[in-house]
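Reviewing the structure listed below.
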Amino acid sequence: MRQIENAENLPEADCADGCAHPREVYQLLGHENAEDRFLTAYRSGRMHHAWLLTGPKGIGKATLAYRMARKLLGGESLLKTSLDIPKSDPIAQRVEALTHGNLFVLRRPYDVKLKRFRQDIPVDRVREVSGFFQETAAETGQWRVCIIDSADELNRNSENAILKLLEEPPSNTLFILISSAPGRLLPTIRSRCLNLELRAVPDAQIGSWLSEQGCGSPELMTAAVKLSRGAPGKALALVQNADTVLRSLSDYIGSLSRMDNAIDMSIAKIMASKKNETARGLFWDGLGDTLHANALHAATGTYEGPFSPAQIKRSPKTWQENHARLRDARRAEAAINMDKTATMFELLSSIRAA
């Protein structure tokens, strides 16, 4: 018999630090058209066996995947035209606890001995999916569901193994693949899935939602919305990492009019801390978007970035060169085992001196 997923309460690769796991989230902000498309297929009785949910990180792909799973596994919607299944529903409770026998979640495993996640999803885990579908259904009900979060983390052997399952799917099964970079997947995998693209949520809608959550000061919430790129999950992560990310970004941009290596080194050390790995990625993104916003401000006089524009006169070309410098540094750091403090300090100092 298949073991209960995560019975030992290990760290979960598909959950952002400081955020609730998507299976514990019962509200989906935006994406009504995507839900309508799924419900139409469900009601038609001609459900396609594989759906590829695409869009930027934090936009709600995994939240939608678990809403789809609850519906197929027998959860009772509040309305027939909705996937709003309440937390009190027995099916929802078992999905949230990962104890539903007809649900398989495929994700990067945690290595207990090394105390870290695998860099990819190994093919052995995909073979467990195959065994899951070959077994007699553990629960009553027609459907069995496999959520792959994320398909971007499949290695080539794993992709080929998933492809075989998609080519000859068992009856009454649904694969939900989650991807932020679908172009990297095998074309043959993409061709066997219905693509459900989640588009950016309007800033006003994200802002209202953050206010309802009681997330921080208006200034920080506004900055988080501007840097979220229409992804509610990213906006929430930014607010939850406000002291580390948003305040560091504000301090840095606000100090560009003078030489201040102390600020650069302080930020570099903060972002190099292992506990701030998520914050580091958010800071990279936020700094890149802020440099781009200042480039547009220099060219057009209109500023749409977070906080206030940098109080320093630079040409659009100089801001663009700084943006390119950041992109190159980030790629190099990802490809090579570089000193994180030195990499960030050198970048911040070079932008300041440009």
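The values are calculated or read from the model by the stated rules, or taken from the named source; none is laboratory data. On a predicted model such as this, the values are computed, not experimentally measured, just so you know. Every residue, glycine among them, receives a Cβ derived from its backbone with ideal geometry; neighbour counts consider all protein chains shown. All accessible areas refer to the heavy atoms of the entire protein, side chains included, with ligands and DNA or RNA removed. Shrake-Rupley method; radii C 1.70, N 1.55, O 1.52, S 1.80 Å.
Tabulated results
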quantity	calculated
Criterion violated by Glu304 - all others in (1) under 30 Å from Pro202 (Cβ atoms); (2) surrounded by 14 or more Cβ atoms within 10 Å (Cβ to Cβ); (3) within 27 Å of the chain's Cα centre (by Cα) satisfied	(2)
Residues located in region 213-239, provided they are among the charged types (D, E, K, R) and part of a loop (DSSP other than H, G, I, E, B)	Arg229
Leu72 open to solvent by less than 40 Å² (accessible area, probe 1.4 Å), within 22 Å of Pro170 (Cα to Cα), touching a strand residue (DSSP E or B) at 6+ places or on another chain (Cβ under 9 Å) and at pLDDT below 95	yes
Residue check for Ala41: farther than 25 Å from Leu210 by Cβ, at pLDDT 90 or above and touching a helix residue (DSSP H, G or I) at 6+ places or on another chain (Cβ under 6 Å)	no
Matching residues in region 299-320 - criterion: being under 12 Å from Asp289 (Cα atoms) and assigned to a helix (DSSP H, G or I)	Trp319, Gln320
Some residue of region 253-273 being without any contact (Cβ under 8 Å) to a residue 60 or more places away in the chain and charged (D, E, K, R)	yes
Condition broken by Arg327, with the remaining ones in (1) free of Cβ contacts under 8 Å to residues at least 40 places away in the same chain; (2) under 16 Å from Ala242 (Cα atoms); (3) not polar (S, T, N, Q) satisfied	(2)
Residue pairs meeting the criteria (Cβ under 7 Å; at least 6 apart or on separate chains; first open to solvent by 90 Å² or more (accessible area, probe 1.4 Å), in region 77-98; second hydroxyl-bearing (Ser, Thr, Tyr))	Lys87/Tyr26
Members of region 85-136 found to be in contact with a strand residue (DSSP E or B) (Cβ under 9 Å, 6 or more places away or on another chain), of a type in the set (Val, Ile, Thr) and under 27 Å from Leu28 (Cβ atoms), listed by number	Val95, Val105, Ile121, Val129
Any chance Ala16 is open to solvent by less than 40 Å² (accessible area, probe 1.4 Å), touching a residue at least 40 places away in the same chain (Cβ under 8 Å) and either within 28 Å of Arg192 (Cβ to Cβ) or within 16 Å of the chain's Cα centre (by Cα) (or both)	no
The one condition in (1) among the charged types (D, E, K, R); (2) in contact with a Phe, Trp or Tyr (Cβ under 7 Å, 6 or more places away or on another chain); (3) open to solvent by less than 60 Å² (accessible area, probe 1.4 Å) that Arg330 fails to fulfil	(3)
Qualifying residues in region 123-139 (those that are open to solvent by 20 Å² or more (accessible area, probe 1.4 Å) and without any contact (Cβ under 8 Å) to a residue 60 or more places away in the chain) - the one nearest to Glu76 (Cα to Cα)	Ala137
Subset of region 179-201 that is of a type in the set (Gly, Ala, Ser) and closer than 24 Å to Thr40 by Cβ - its residue that is surrounded by the fewest Cβ atoms within 10 Å (Cβ to Cβ)	Ser191
In region 87-110, residue nearest to Arg144 (Cα to Cα) [restricted to those that are out of contact with any helix residue (DSSP H, G or I) (no Cβ under 9 Å at 6 or more places or on another chain) and assigned to a helix (DSSP H, G or I)]	Arg94
Single condition Gly216 does not satisfy, out of (1) crowded, with 16+ Cβ neighbours inside 10 Å; (2) in contact (Cβ under 8 Å) with a residue 40 or more places away in the chain	(2)
Residue count, region 278-288 (criterion: modelled with pLDDT of 95 or more and surrounded by fewer than 18 Cβ atoms within 10 Å (Cβ to Cβ))	1
Lone qualifier among Arg258, Arg325, Arg352 - being outside any loop (DSSP other than H, G, I, E, B) and open to solvent by 60 Å² or more (accessible area, probe 1.4 Å)	Arg325
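To keep it simple, each residue is scored yes or no on (1) of a type outside the set (A, V, I, L, M); (2) modelled with pLDDT under 95.
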| residue | (1), (2) |
| --- | --- |
| His100 | yes, yes |
| Leu114 | no, yes |
| Asp124 | yes, yes |
| Phe132 | yes, yes |
| Gly141 | yes, yes |
| Asn157 | yes, no |
